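A short worksheet on the structure shown next.
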Amino acid sequence: MTDDMRDEPMEPKGKPDEGASGEAKSAFEEFAHHQRLALEAAGKAVSALFPPEFKSHGSKALDEFKKSFQVLADRLKEMMEKAGEAAKDPGDEPPTTTGKTKVRVELN
């Protein structure tokens, strides 16, 4: 690939072990940097394969997918809140089994 075909200009080549501020980069940092650049370039390549209409419809489909789960989550939250309120309602408590009333039990 030639330089005029790239979207971004090439980075200036300096010492491979120095960063922009002149401090030494570790081998892992340099590896991660090149991996990030490779991932960005691969993303642009894949994106270029699809027409703009595909991208816009795919984006709308993803938005609707997210909205569907948001509706489901909101409804589930409402149901859980109602169940929690019903559990707290003192009118729904069963009568106590101890109190002033005496019960006679006959044993045979």
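Going by the conditions given, is A27 at pLDDT 90 or above, loosely packed, with under 10 Cβ neighbours inside 10 Å and more than 27 Å from the chain's Cα centre (by Cα)? Judged against the criteria, A27 is a match. Scanning the range 53-108 for residues being polar (S, T, N, Q) and at pLDDT 80 or above gives a total of 4.
The values are calculated or read from the model by the stated rules, or taken from the named source; none is laboratory data. These numbers come from a predicted model, not from an experiment. Backbone-built Cβ (ideal geometry, glycine too); neighbour counts: all protein chains shown.
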